[in-house]
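I have placed the structure first, in the form of structure tokens, so that the comments after it can refer back to it.
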Amino acid sequence: MTKRVRPAVDDAFVPAHGVTRDGQPLSYNRAPAADVAPWIGRLYAARVTLPENHRLDCGLFSEFAMLRIQLSGEWLVHTADGPQRFGPETLLFGPHTRRMPLSVTGSFVSVGYSMRPGASLTLRGPRLTECLDRIVLPQQPDPSVQRLLTMLDPDNDEESLLQILENWMRRWVNTYDCQEPDPITARFEQVAFTNPNMPIPEFAEQCGVNERTIERIVARDFGMSPKQVLRRARALDMASFLRGVADVDEADELALRYYDQSHLIHEFTDLFGMSPRQFAAAPQPLMTLSLESRQAQRLELLERIAPGGTRPWE
């Protein structure tokens with residue numbers, strides 16, 4: 001169950017930040033500065049060259065709300081509200097309950113960050129239960145979020161773009177005196193990264209609260225039930241392994257999270273819309289960029305790599 005074949009590569013997809021040993025694309029992504037880390041999980045900048053008028057069909061699957069500023073490219077996204085088209089735009093993607101199909105035509109630059117669970121609430125954003133698998137145009141309580149598009153010059157280097165985002169978040173937090181997310185939420189986020197097979201009663205006992213309290217807090221700050229959050233986290237780790245952006249030393253551990261091969265295939269197919277074998281056999285460049293960023297965050301949390309250090313797939 002831990003055997004992995006070399007994942008397929010899209011030769012037309014040329015990322016500015018290089019590729020993995022398997023030829024999979026990389027973005028520029030890093031941890032946030034300490035003062036904004038309670039609200040931001042990971043920042044990224046992706047600069048990709050595609051042939052003129054070339055349409056790339058792919059998908060995304062993120063467990064977190066994501067602020068994405070699409071500085072170029074023409075995007076078609078299949079959301080819970082139906083297909084939506086966007087050009088350059090500032091968009092808030094709600095967390096995904098399963099793979100979200102999307103397409104991009106032409107070369108593009110995209111920058112943004114993932115929001116920590118509970119951050120949308122403390123930052124006065126939308127309720128996550130209302131934006132699962134959806135895209136919203138963020139405006140409230142401060143329309144300055146829409147000015148990010150004009151603040152970010154696509155010709156600037158990646159680190160400069162991410163620093164602008166961090167500075168903007170600092171101003172937001174200070175302006176609205178935003179509180180940090182619930183400590184129980186932060187602990188459950190860590191469990192999703194480190195041990196997504198943990199029984200919910202055990203987690204509740206560790207937190208000194210009852211299981212009903214955990215259900216309420218997780219539903220509020222993740223938009224889903226605790227079991228759904230952990231099921232999704234298991235699948236995302238396995239998807240990262242299949243795309244070659246995971247620590248291969250974890251292969252057996254990741255496989256043992258499933259009862260058997262049929263359990264893995266059933267859960268993976270339900271969430272990704274294709275079997276593990278099909279997922280590896282088809283090019284998944286946009287998906288791989290997202291998974292690689294998530295795995296880098298996860299391995300830094302586990303202290304298996306230093307922040308900004310060399311990643312096992314590089």
Report task. Could you tell me which of the residues VAL145, VAL136 is β-branched (Val, Ile, Thr) and within 30 Å of THR269 (Cα to Cα)? Result -> VAL136
Requested in this report: Scan (1) over 30 Å from GLU253 (Cα atoms); (2) under 18 Å from the mean Cα position of the chain (by Cα) for the single condition PRO83 breaks and write down its number.
Outcome: (2)
Query raised in the report: Going through the stretch 183-206 one residue at a time, which ones are aliphatic (A, V, I, L, M) and part of a loop (DSSP other than H, G, I, E, B)?
Result: MET198
Report summary line: Considering residues that are in a strand (DSSP E or B), more than 17 Å from CYS131 (Cα to Cα) and free of Cβ contacts under 8 Å to residues at least 60 places away in the same chain, the number found within the stretch 86-121 is 3
Query - Residue pairs meeting the criteria (Cβ under 7 Å; at least 6 apart or on separate chains; first touching a residue at least 24 places away in the same chain (Cβ under 8 Å), in the stretch 227-250; second part of a helix (DSSP H, G or I) and of a type in the set (Gly, Ala, Ser)) - result: VAL229/ALA192; LEU230/ALA192; ALA233/ALA192; PHE241/ALA251; LEU242/ALA280; ALA246/SER240
Query raised in the report: Restricting attention to the stretch 37-76, which residues are of a type in the set (A, V, I, L, M), within 28 Å of CYS178 (Cβ to Cβ) and not in a loop (DSSP other than H, G, I, E, B)?
Result: ILE40, LEU43, ALA45, ALA46, LEU60, MET66, LEU67, ILE69
Query raised in the report: Wholly within the stretch 215-303, which helices (runs of 4 or more DSSP H) include no fewer than the required count, namely at least 3 residues that are at pLDDT 95 or above and closer than 17 Å to VAL191 by Cα?
Result: 226-242, 285-301
Query raised in the report: Quick one: is LEU128 surrounded by 12 or more Cβ atoms within 10 Å (Cβ to Cβ), in contact with a strand residue (DSSP E or B) (Cβ under 6 Å, 6 or more places away or on another chain) and among the aliphatic types (A, V, I, L, M)?
Result: no
Query raised in the report: Conditions: (1) modelled with pLDDT of 95 or more; (2) within 25 Å of GLN179 (Cα to Cα); (3) surrounded by fewer than 21 Cβ atoms within 10 Å (Cβ to Cβ); (4) among the aliphatic types (A, V, I, L, M). LEU121 meets all but one. Number of the miss?
Result: (1)
Requested in this report: Output the number of residues of the stretch 151-194 satisfying the condition of being within 30 Å of VAL218 (Cβ to Cβ) and either more than 19 Å from the chain's Cα centre (by Cα) or of a type outside the set (D, E, K, R) (or both).
Outcome: 27
Query raised in the report: Mind checking which residues of the stretch 18-35 are of a type outside the set (S, T, N, Q), closer than 22 Å to THR90 by Cβ and in contact with a Phe, Trp or Tyr (Cβ under 9 Å, 6 or more places away or on another chain)?
Result: TYR28, ARG30, PRO32
Query raised in the report: Any idea how many residues of the stretch 275-307 are within 19 Å of the chain's Cα centre (by Cα) and either over 30 Å from ALA31 (Cα atoms) or among the hydroxyl-bearing types (Ser, Thr, Tyr) (or both)?
Result: 3
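The values are calculated or read from the model by the stated rules, or taken from the named source; none is laboratory data. The model shown is predicted, which means the values in this text are computed figures rather than measured ones. Heads up, the Cβs are rebuilt from the backbone with ideal geometry, glycines too, and the neighbour counts pull from every protein chain shown.
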